[in-house]
1. Go through the range A:98-131 and give me each residue that's open to solvent by 40 Å² or more (accessible area, probe 1.4 Å) and aliphatic (A, V, I, L, M).
2. So for the range B:164-171 (the condition being under 17 Å from the mean Cα position of the chain (by Cα), among the hydrophobic types (A, V, I, L, M, F, W, C) and surrounded by fewer than 16 Cβ atoms within 10 Å (Cβ to Cβ)), does at least one residue qualify?
3. Can you tell me how many residues in the range B:56-109 are of a type in the set (D, E, K, R), over 10 Å from the mean Cα position of the chain (by Cα), within 14 Å of another protein chain (Cβ to nearest Cβ) and surrounded by fewer than 24 Cβ atoms within 10 Å (Cβ to Cβ)?
4. What single numbered condition from (1) without any contact (Cβ under 8 Å) to a residue 24 or more places away in the chain; (2) assigned to a helix (DSSP H, G or I) fails to hold for B:K31?
5. Look through B:Q147, B:Q183 and report the one residue that is more than 12 Å from every other protein chain (Cβ to nearest Cβ) and either in contact (Cβ under 8 Å) with a residue 12 or more places away in the chain or under 24 Å from A:K47 (Cα atoms) (or both).
6. When residues of the range A:98-132 are filtered for being within 14 Å of another protein chain (Cβ to nearest Cβ) and among the aliphatic types (A, V, I, L, M), how many remain?
7. Hey, can you tell me all the residues within the range A:255-271 that are among the β-branched types (V, I, T), outside any loop (DSSP other than H, G, I, E, B) and either open to solvent by less than 50 Å² (accessible area, probe 1.4 Å) or at pLDDT below 95 (or both)?
8. Scan the range A:413-431 and report the pairs whose first residue is away from every other protein chain (no Cβ under 11 Å) and whose second residue is among the aromatic types (F, W, Y) and outside any loop (DSSP other than H, G, I, E, B), with Cβ atoms within less than 9 Å and a gap of 6+ or a chain change.
Amino acid sequence: MKKTLFDKVWDSHVVSSVENGPDILYIDKHLIHEVTSPQAFNVLEEKGIPLFRPNQVVATADHNVPTENQHLPIQDALSRKQVSQLTKNCDQYGVNLYGLGHPYQGIVHVIGPELGVTQPGMTMVCGDSHTSTHGAFGTIAFGIGTSQVAQVFASQCVLVAKPKSMRVVVSGKLHPSVQPKDVVLYVISKLGTDAGTGHFVEFAGNVFEEMSMEGRMTVCNMSIEMGARGGMIAPDQTTFDYVAGREFAPKDEELTAKIAHWKTLPTDEGATFDTEHHFDATDIKPMITYGTNPGMGVKISEHIPTSNDASFVKSLNYMGLEAGTSLLNMPISHVFIGSCTNSRIEDFRAAAAHIKGKQKSPDVSALIVPGSQQVAKQIIAEGLDQIFEDAGFTLRQAGCSACLAMNDDKIPAGAYCVSTSNRNFEGRQGQGARTLLASPVTAAAAAVAGKIVDVSQA
Amino acid sequence: MKKFTLLQSSMVPLTVENVDTDQIIPARFLKATDRKGFGENLFRDWRFTTDGETKEDFTLNQSQYSGSILVAGNNFGCGSSREHAAWALADYGFRVVISSFFADIFKGNALNNGILPIQVSPEVLQRIFAAIEENKGVQATVDLENQQLSIAETDIAVSFEINDYKKMCMLNGYDDIDYLLSQKEAIEAFEQNRS
């Protein structure tokens with residue numbers, strides 16, 4: 001029988017199936033962070049049971065950490081307690097923790113790939129919906145709730161029904177100004193935020209084949225924003241080259257053997273999907289969102305659509321925007337370049353290339369937050385920090401930061417923020433904040449111009 | 001987990017679509033290390049202004065609506081995987097959420113916390129909203145054993161889907177973790193076979 005990439009990885013991880021119920025799916029790697037793990041550790045404590053496979057768990061502190069003065073104790077008492085609880089739990093249960101101050105600390109979905117923890121053909125979970133990011137490696141990776149975090153602690157398995165399969169094919173030649181973020185925002189704007197619900201999505205076609213691993217991560221990261229459990233891209237030479245040589249990646253003969261196996265994973269010719277969508281790459285242009293879900297996006301050259309739907313009207317009211325108008329040249333006051341979607345070195349190279357030799361607008365506050373300590377180090381090694389500093393951007397330390405504004409990095413009420421993060425929900429970046437999702441290049445250009453610009457026209 | 005068998009209650013309507021878990025419980029309230037007290041901040045920014053004043057037009061603040069059944073617009077619970085959203089709903093007192101569509105992770109989290117997500121057709125959902133508007137205290141009956149939802153004084157009586165395993169867990173108050181612990185031998189054998 002012809003199998004999809006998803007089928008191959010899923011089927012090889014099923015321990016058994018409950019009759020008329022879910023599968024028991026074995027999990028290779030479990031990533032945890034401070035916000036969604038404490039209650040799961042409490043379950044182990046209450047039940048008096050051990051953590052079954054501590055060597056398959058990797059922990060970091062990212063959601064709730066400050067992005068400045070990370071060498072000092074965290075000022076916010078609740079945040080400090082949550083982060084120190086993670087340290088205590090990891091000590092007690094023998095989990096490898098890359099906490100604040102560790103050279104490997106960073107956003108959980110940035111450090112997994114960076115350290116070679118993420119590898120093709122694996123199953124991975126984390127108490128975070130953007131776990132879908134790791135699908136860029138041909139990995140089944142999805143977000144879980146805290147009860148499931150406890151289940152994986154206890155058994156290295158989750159109970160989950162096998163999702164349906166969907167393929168999204170984008171083929172043709174992309175305009176040079178179009179970034180991976182634009183491609184995924186375009187797809188979500190066409191399909192909507194619930195199109196992928198109940199599905200795992202494989203992204204296929206020359207556009208994804210030609211993308212770097214970091215671009216593929218941006219795309220798979222956002223697959224949850226179309227409702228999908230996760231996204232996947234077939235592993236190929238680009239994947240193998242990225243994984244080889246990383247800290248926890250297989251080495252020498254083991255790597256050779258693994259690569260031989262990884263080469264068998266791509267979807268068989270003739271395998272079928274429950275749903276399939278095709279898009280023409282030449283139709284994609286730099287994108288921006290205008291509403292309060294990631295599906296509410298348009299090409300920057302287009303106008304905001306019109307609709308009488310109550311939820312649509314509520315959304316535009318929140319955003320302070322009018323249906324039928326253009327966002328082009330609209331003044332903005334904040335720019336955030338960071339998050340598990342766009343905080344890898346290529347994102348900062350792309351932003352720096354646009355910023356170099358220019359100044360940010362005096363009316364804009366522009367925040368650059370690297371995804372990990374290693375990315376931060378690389379920014380300095382490549383001299384990008386100087387470009388950001390000269391242009392008036394603020395470079396911070398690694399963390400989730402203004403993507404979800406759990407720490408002090410908040411956008412003020414009513415302010416417009418062009419953000420490279422993944423969600424434009426009401427209040428996501430701070431109470432009353434108005435988020436416009438875009439690529440790092442569009443965000444950098446907005447910071448310089450003080451307004452929304454179309455980088456395809458530059 | 002609390003058992004769920006039969007529930008009769010009035011309903012609280014929330015007609016907004018695509019309600020994401022950031023609205024159900026904003027990120028700034030996720031700093032706790034236990035599961036208690038999230039109900040206080042359920043729909044925080046829709047219930048209260050930034051100054052902490054009650055927003056009278058929000059459904060939870062309208063005294064004519066009450067009960068342990070939330071009826072919500074399409075695609076409820078999208079976005080973040082935070083189980084805090086399910087904890088907040090349960091802590092506030094909701095045992096059932098009815099919608100025409102649920103996001104995957106939320107649905108799983110709800111079931112793991114004794115909240116029954118009931119998916120109905122968009123047409124039935126509109127009829128339920130209309131029935132509540134007609135009579136704000138109208139009673140709904142949820143019968144899990146027979147997978148039936150009915151609304152008093154109307155002809156709304158529909159069956160709903162739930163897989164046999166999850167139904168058994170809800171009816172008996174079983175947690176997934178206990179089931180998985182009972183499968184330890186099979187899991188160890190699986191590990192042995194693949195290495």
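The values are calculated or read from the model by the stated rules, or taken from the named source; none is laboratory data. This one's a predicted model, so the numbers in the text were calculated from it and none came from an experiment. For neighbour counting, all protein chains shown are included, and Cβ atoms are generated from backbone atoms with ideal geometry for every residue, glycine included. Heavy atoms of the whole protein, side chains included, go into the accessibility calculation; ligands, DNA and RNA do not. Shrake-Rupley method; radii C 1.70, N 1.55, O 1.52, S 1.80 Å.
1. Restricting attention to the range A:98-131, the residues satisfying the condition of being open to solvent by 40 Å² or more (accessible area, probe 1.4 Å) are A:100-104.
Within the range A:98-131, A:L100 is the sole residue that qualifies.
2. From the range B:164-171, those under 17 Å from the mean Cα position of the chain (by Cα) are B:166-167, B:169-171; that's our starting set.
Checking the rest, the ones that are also among the hydrophobic types (A, V, I, L, M, F, W, C) come to B:169-171.
Applying the additional criterion that residues be surrounded by fewer than 16 Cβ atoms within 10 Å (Cβ to Cβ) yields B:171.
Yes, there is a match, as at least one residue in the range B:164-171 is under 17 Å from the mean Cα position of the chain (by Cα), among the hydrophobic types (A, V, I, L, M, F, W, C) and surrounded by fewer than 16 Cβ atoms within 10 Å (Cβ to Cβ).
3. Taking the range B:56-109 and keeping what is of a type in the set (D, E, K, R), we get B:56-57, B:82-83, B:91, B:95, B:104, B:107.
Within this subset, residues satisfying the condition of being over 10 Å from the mean Cα position of the chain (by Cα) are B:56-57, B:82-83, B:91, B:104.
If we keep only those that are within 14 Å of another protein chain (Cβ to nearest Cβ) as well, we get B:57, B:82-83, B:91, B:104.
Of the ones still in play, those that are also surrounded by fewer than 24 Cβ atoms within 10 Å (Cβ to Cβ) are B:57, B:91.
Going through the range B:56-109 one residue at a time, the tally reaches 2.
4. Condition (2) is where B:K31 drops out.
5. Working: B:Q183 fails: more than 12 Å from every other protein chain (Cβ to nearest Cβ).
Exactly one of B:Q147, B:Q183 is more than 12 Å from every other protein chain (Cβ to nearest Cβ) and either in contact (Cβ under 8 Å) with a residue 12 or more places away in the chain or under 24 Å from A:K47 (Cα atoms) (or both), namely B:Q147.
6. Of the residues in that region, 4 qualify.
7. Taking the range A:255-271 first, the residues among the β-branched types (V, I, T) are A:256, A:259, A:264, A:267.
Adding the requirement that they be outside any loop (DSSP other than H, G, I, E, B) leaves A:256, A:259.
Scanning the range A:255-271 gives a single hit, A:I259.
8. Sorted first by the residue in the range A:413-431, then by its partner, the pairs are A:C417/A:F336; A:V418/A:F336; A:S419/A:F336; A:T420/A:F336; A:S421/A:F336.
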